[in-house]
Every structure is written in structure tokens, then in C-alpha cells.
1. Report TYR597's accessible area, 1.4 Å probe, all protein chains in place, as a number in Å² to the nearest 10.
2. Output ³J(HN,Hα) for the range 584-592: one whole-Hz value per residue in order, computed from phi by the Karplus curve 6.51 cos²θ - 1.76 cosθ + 1.60 with θ = phi - 60°, and x for Gly and Pro.
3. Students often forget the sequence filter, so: which lysines lie under 28 Å Cα-Cα from LYS405 once same-chain residues fewer than 8 apart are removed?
4. Between SER200 and THR145, 0.36 nm times their residue separation minus their Cα-Cα distance comes to what?
5. Quick query: amide H of GLY633 versus all other amide H atoms, modeled in the peptide plane; which residues come in under 5 Å with a sequence gap of 5 or more or a different chain?
6. In the neighborhood of ALA78, defined by Cβ-to-Cβ distances under 11 Å, what is the net charge if each Lys or Arg adds +1 and each Asp or Glu adds -1?
7. Exceeding 29 Å between C-alpha atoms, which entries from my cross-link table qualify? They are LYS74/LYS560; LYS142/LYS625; LYS74/LYS606; LYS148/LYS587; LYS127/LYS462; LYS61/LYS560.
8. Nearest 20 debye, what's the magnitude of the dipole of the range 524-598 about its Cα centre given +1 on Lys and Arg Cβ and -1 on Asp and Glu Cβ?
Amino acid sequence: MRIRTKVLLAFLLAILTTGTTAVLVTNTVAEDIITQQVNNHLETTAQSRARHIDTYLLSEKQRVEQLSESVVTKNLLATSLGSPDYDYKLALVTRRARSTAAGSQFAYDVFVLDPSGTIVASDNPEKVGLDKSEDSLFTGGKEGTSIKGPMLPGDTKLPSLSFSAPVLDDASGAFLGVVAMRMSMGALNAICKDRTGLGSTGETYLLNHDGFMLTPSRFMEETFLTQKIETAVIEEHRAASEEPGGQPDKMASHVYEDYMGRDVLGTHAHIMEADWILVVEKGADEAFRPVTVLASAVLRVFVVLLLLGVVVGILLPRYVSRPLMTLHRGVEELAKGNLGHRVGTSARDEIGELSRAFDTMSVNLLESREQLEQYSRGLESMVAQRTEELTKTNTELSQEIERRKEAEEAREALIEDLRRINERLDASNKELEDFAYVASHDLREPLRKISSFGSILADTLKGKLNEDEEENFGFMVDGAQRMQAMIDALLTYSRVTTKAKAAERVDLNDVVAGLQELEVATMLEETDGSMRVPGSLPVVHGDPSQIRQLFQNLVANGLKFHRDGIPPEITITSRETEAGMVRIEVKDNGIGIPAEYLEQVFTMFKRLHSRARYEGTGIGLAVCKKIVERNGGRIGIESAPGEGSTFWLTLPSRVGEEENERKE
């Protein structure tokens, strides 16, 4: 086989091997990247829509709760029908109901029902007196704030949601009635009709727990509570939510067949507030079209490279074989004795060198000295060339060293700039904290005067004012007192930073013993509660006053939120965790906290219960979190309704601090 043919075949084989490997790897990696991007977009869309829906449902629940907690509502339900001031109180509630309905674009019915389920007040007077005792909005509202539907009420035939909340007596907690509100599906439909980024085949819709569509389909008519979705993904989601303690899987995208028989890429999200399922889908062909386009483009590039390789493979062997043929003819001439023939070529590769070597062999011995002198001149030229190359390399190395020095100086300057920026940021944060403390401190005196003089004025005018005026005075004094309590709480929160002390050794046994004797002694006696420390508590490293404030807040929280008829019991335990840290747990047997609110309990002014049932400012646990984080630890909670709560926290131990000092 000729060399030209061998070179062509070898070149084509190399092109095919490397090209095929490159195409396969590129196509696989790009397909994975694009698929992941499509999945991420769908999951982000589902998460965004779910948050929007949860926020909307929560805001409407709060609207109903505000009306149920209103004094005018409670006064009406506590007043008998024949009382002289009944009509006046009814007018106030009716005005409030109409205001509530007008405050939302989609609200159209606001009811106040008595304990028997009869509508006693409404924004629509025609519905007063209707019996709703069997209606889900009344039965659900008796148990607590609830969302029912969507459904088609018999009196309107309009798809709607029902929000209801119980009305309880402030003093006794007795059930007085239910406040309910109906909302059209307009807001939810608008959220689901936002198909940004879903192309021409995508859609978003809501399903109830049984899998029936609640919002309009993009491709079908009349689907409300008639079109059932029975995909495998939805069935797995529903089965997981129905298991005791089960939680639906985190949202993930899947390819499956939708309710119209199309292959779609879809994902889902759980709407916690109403136990619904939000589904986001996009046609599989449209979703993965970029992958198909990319594969086609890569294939075209591969074909072009292959054709180019064939052309190069044909031309390259000719370029290689031509000098060999010339060398072959020259060798034949030398074999005939023609020493004057020159076979050297202009090629600067191995073949050219070989041909010129044959020329050297044909030179007469008489010319040996000339050849040696010529070789010497060539050697000098090579030395000079090599010297020039070394000089050039040294110059480049010097320039590289200089560039690296400049880069190092720039890096050090940047570090210094960052240090100055951090110093200014620390100073700015300190000024903000000082401002918050001074502003809160200066507000206390005006509020104290409002509260004091308001109480004096109320006592002076007692008996001279009607019931509404006395109630307004009470609102004023109560509001001032609550604002004063909130400012005191803000001062406490700001003092965690502004009044912080240097960390030192703190014995938690002494802290707990001091709390039992002083700060929480009265609460223990009033609640018939107890504190239990099964084993010795550790010594931690932190701010002593803040550590004491931390445990006072946690113990008082456990005593305050106890179950009716069950004496509260606080148990404090500890154990070592990672090097230099200890974990302390403060466990109570109180009312517990639902799982969906565990992440919110450490938020400032976040309350899970009404002030009528549990007093406070809603800032105590936020102070606890700030104290723990300032002292280098973490804090969390584990709880379940009716089973109590366990607050856990980590703090640096004194032993860990001493070990660090020895290492230094």
C-alpha cells in the first residue's frame, strides 16, 4: 500500500474518532444543561405562583379574622334581639361588613352568623335571617379560621371560596358566632392565567385534593370541578399527603401525559393554606426544542469537519510524498556514479534533511576542509540564534515577574480598601443601633403621659360619657400602653447590641437557680408550674446578662403558653456537640406550635394567638435569637400542637475557649 493511501486512511480514521467523540460529548453535556434549565424554569414558576396564591389566601383569612375580632361584631352577637341598642350595633356591624366587602375586588358576600347559624348581619340586607347552620362556611368557622371551596353556592351559581372565622368572647372564650366572607375565583384565575415563559403550549392550573380542576383550562371549556386530573405525579402527591405525618415530595419536573393526551413537562407545588395542588406544564416538544436544534447544529458542524478532513487528507499525502519521490530519483543518480547530482529539496522537515544529507555524502574528499569551515560557520550561527532566544526568554520572564508584582500590589490595595469599607460599615451599623435605641427611649415619656392623662381623664369623665365614648377612651389608653410595651421590647432588642458586654464564664446552674428565685418565681406560683433540671448544666462563654435574659424569655414563654388545666413543666437539659460548643434544650408541655409556623416564631412582632388570650409584644423570641447569634451560637425549635415545644440552642463552652487559647 502506498504511503499516500496510508496517510489518507490514518487521517480519516483520526478525524472520525475524535469528531464522533467530540459530537457525542458536546451533545450530551449541552442536552443535560438545557434540560436542567427548562426544569429549573418550570420549578421556579411553580414556586412563584404558589407563593402568590398562599399570600392571597392568607391576606383574605386575616381580613375575616380582623372582622371576627372586632369589638362591634362581638357586641352585636352578645346583645339580644330585643335590646334597645341592638339596631345601633347592627348598623355598625353592617357598615363594617360593607367596608370589608368593598376592600376587596372579588368579595361579594360578608356574613355575621349567630351561634345557631342564622345570618344576623350582612353587606346584603336581603340575606339577613337566612339559615346557614348546615353550610360549610358556618360549620368550618366554628372550629377555627378556615377556607372552604371552591364550590358553586346554590344562591349564586358563581364559583367561589368561603373564608370563615369564629367569634369568641374576650373574657370567657365562649363561642358567640361566625364571621364569613365569600370571594369569587377572579384573583386565583388571574394568577393562573399568567403564562409568562410557558410559550404557546404551557399552562398553570389549580387542583383540589381530589384532583378536580379549580381554575380554567387554557385548551378546554367548562372544566371547573368537572375535569379530573389523574396523572401518576398527582396521585403520588395526594397519596403522600394522606399518609399520617406524610409530606408531599419537593417539587420536581417530570415528563408525562396530560389530561388531553399530550406529552408535557410538568411540575407541581402544594398550596398549604387550602390543601390544593398547583400544576405548571409545558408541551414536551416545545420545552425540549432547543435540545433538538442544538443536536441538528452539532451534526451539521460534524459533517462540515468530516468533509474538510477528507479534503485535507487528500492534499496532505501529496505534500508528503512529493519530496520522497524527488529523493528516490536522486538516490538512483548517485548509485550510477553521478556525484555532481544534487538531490536536496527546500523542505525543512526530516525528508528534506535526509536529501541534503545525501548531497553532503557526494562531496569530494578534497572539499572536506571547506565543509568543516562551512559547518563551523553554521555552528556559530546556531549559537548566536540560541543566545538570542535565551535573551528573549529572560526578557519575557522579567516582564512576567514585574506583572505579578503589580498584581500582588493591586491585591493588597484591594484588601486594604475592603478593610476600610468594613470599618465604615461597622461604624454605620453602630450609628443605626444607637439611633434606634435613642429614638425608642425618647418615645417612652410622651406615651407614658398619654396613658397616664388618658386614664385620669377617663376617671374624671366616668359616668358622663356614653358607652362608645368610654370604649374609645379605653382604646386610646390601651393603645398607648401597648405602644409603650412595644417600645420597651424594642429597647430590649436594641440593647442586645448597644449594651453588650465582653464574653466571660457563665455557669448555667447559677442562672437557672436565680430565675427560679427571682424573675419567674411569680409565674411559677401563679401557674402552679415547675422547673426540672435532670443533670448538671455546663459552663458557657458569653455575656452574663444576655444569657440570663435568654433563659428568662424561654422559661417564661413555656409557662405562659401552657394548656388549660395542666400545670406547666419546664425541663432543661444539655449535651456536648462539636468541639467547643454545647447544646441546651428547654422543653415544655404547653400548647405546641403547628409545623407551618415554626420558621416564623423568631420574627419580630409575629404573634400566633390573639392578645386577648395571651398577652405580650411578640418580640421575646426575636430577642432570644439575636442574643444566641451574638454569642456565637444557633437557635431552633421542635414542636407539635398539643405536645409542647422544645427550644434548642448552641453556645460556646468555656472548655472549648481554653483549648482554642492553647492552640494559639
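1. Around 70 Å² of this residue is reachable by solvent.
2. Listing the rounded values in order: 10, 10, 10, 10, 10, 10, x, 6, x Hz.
3. Within the straight-line cut-off, LYS405 pairs with LYS392.
4. Working: separation 55, 0.36 × 55 = 19.80 nm, distance 3.95 nm.
Once the chain is fully extended between SER200 and THR145, it gains 15.9 nm.
5. So GLY633 has HN proximity to no qualifying residue.
6. The answer is -1.
7. Working: LYS74/LYS560 25 Å; LYS142/LYS625 36 Å; LYS74/LYS606 24 Å; LYS148/LYS587 36 Å; LYS127/LYS462 39 Å; LYS61/LYS560 26 Å.
As for pairs spanning more than 29 Å Cα to Cα, those are LYS142/LYS625; LYS148/LYS587; LYS127/LYS462.
8. Working: 7 positive and 11 negative charges, 31 e Å.
Computed charge dipole of the range 524-598: roughly 140 debye.
The values are calculated or read from the model by the stated rules, or taken from the named source; none is laboratory data. Keep in mind that what you see is a predicted model, and the values were worked out from it rather than measured. As a convention, Cβ positions derive from the backbone with ideal geometry for all residues, glycine included, and neighbour counts pool all protein chains shown. Remember, those area values only see protein heavy atoms, side chains included, never the ligands or the DNA or RNA. Shrake-Rupley method; radii C 1.70, N 1.55, O 1.52, S 1.80 Å.
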